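Take a look at the structure set out below.
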Amino acid sequence: MREKLTFLGIETSCDETAASVVREKANGTGEILSNVVSSQIEEHKEFGGVVPEIAARAHVEKIEFIIKKALKESNLNFNNIDGISATAGPGLIVCLTVGLNTGKAIAGSLEKPFVAVNHLEGHALSPKINNKIKFPYLLLLISGGHTQFLKVNGVNNYERLGTTIDDALGEAFDKTAKLLGIEFPGGPKLEEWAKKGDKNYFKLPKPILKKGGCNMSFAGLKTAVLRISKEIKKEKEKYHLAASFQKTINEILHTKTIVAMDNFLKNKKNKTNTFVIAGGVASNLSIRQNLIKLSKEKNFIPVFPPVNLCSDNAAMIAWAGIERYKNNLIDNLEFPSKARWPLDSSAPFLKGPGLKF
Ligand code: KG4
Ligand code: ZN
């Protein structure tokens, strides 16, 4: 029988410096032997968002320590590792380059296989670390950088059903929170505020709700929040705005998920339908409840990876490395960093002015 693979994964695509060691289990899922994430929230707080050069410098300063810590916590050394995988895109080039080059250097010097991983594929395959899920499954990825419905057909085989045409959902939460005076990243606090407010107090727009398939738009919402936030007089109204914003997001996700589910079911043969919801915004409890209820109504099994696998981490990169390696998808050390790297290369680029549905 083939030995179970063990991979070291490295992630530096944005503002998390992360390394992890993951081993295959006999039942096809994965065992996370270590999962070290160093977040840079403090470094970027005063700027209200991620500053690429500051992020890159922090990666350079931390990467060696983080990798050593991940190995130490796994109780393994480099000799026990079968391969190295690192995120090659999409993301900030100055950041990606740090983790990618470190991964290549380790792989090259140890003469071990190297796998370049698409960060989105990391998210897409992450539910398989803890769950025995069969392909195809429907994935909603909602993070600070990405908002997409994907049909996950298999490793390296994705169909994008819908995407945001402007802001990512986490970005919409963070921008709204900033307008309300909440510091970056504002999503979690905005959720707290929403609990104290009246969700029906303000009426906010739902752009392209009834058109554009399951593509989404959140920029108009931010403009409306900006206008209302200037008129707010009472403190309590801030909570109402947070609640109204969250309710509007839930309505958009509800409508668009139905479209995505209907698309997913076309030409599909297997009986069980799985709906995976991943990314930092998936930790929002009201969004979870909304999508769990909808899944039940539409006969889908909802799966939420645990929070430490939802937000950016390297365990998902190590796991994607294992899955790709098993499919003979091994890369050479010339693989470049890619700022833009769609999972579904046939899907159109849906961003920028002049887009109409
Ligand atoms: O996946 P993630 O950790 O990092 C990437 O963006 O890749 O997602 C972070 C995003 C931030 O925009 C943050 O505000 C948002 O997820 N977020 C939330 C909540 N927790 C995190 N948004 C709404 N409600 C939450 N509870
Ligand atoms: Zn991510």
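If you plug the beta carbon distance of Lys132 and Arg227 into 1/(1 + (r/R0)^6) with R0 = 51 Å, you get a FRET efficiency near 0.60. With the highest mean first, a sort of the peptides 218-224, 285-291, 195-201, 55-61 on other beta-carbon atoms found within 10 angstrom per residue produces 55-61, 218-224, 285-291, 195-201.
Measuring r between the beta carbons of Lys72 and Lys45 and using R0 = 25 Å, the FRET efficiency lands at 0.30. Add -39500 (n - 2.57) for each DSSP H run of 4 or more in the chain, then divide by its residues: what number comes out at 222 nm, to the nearest 500 deg cm²/dmol? Value at 222 nm, helices only, nearest 500: -13000 deg cm²/dmol.
Neighbour counting of Cβ atoms within 10 Å sorts the residues His240, His254, fewest neighbours leading, into His254, His240.
Summing +1 for each Lys or Arg and -1 for each Asp or Glu, what net charge is found among the other residues whose Cβ lies under 10 Å from the Cβ of Gly89? Residues near Gly89 contribute +2 overall. Per-peptide packing, taken as the mean over residues of other Cβ atoms within 10 Å, places 208-217, 260-269 in the sequence 208-217, 260-269 from highest down. Beta bridges from DSSP with both residues in the chain: antiparallel share about 60 percent, rounded to the nearest 5.
Calculated FRET efficiency, Ile330 to Arg57, Cβ-Cβ distance, R0 = 35 Å: about 0.65 to the nearest 0.05. Between the helical axis of 219-231 and the longest alpha-carbon principal axis of the chain there is an angle of about 50 degrees.
Read the figures in this text as sums done on the coordinates, not as results from a lab. Not measured: the values here are computed from a predicted model. We place every Cβ from the backbone using ideal geometry, glycine too, and count neighbours over all the protein chains shown.
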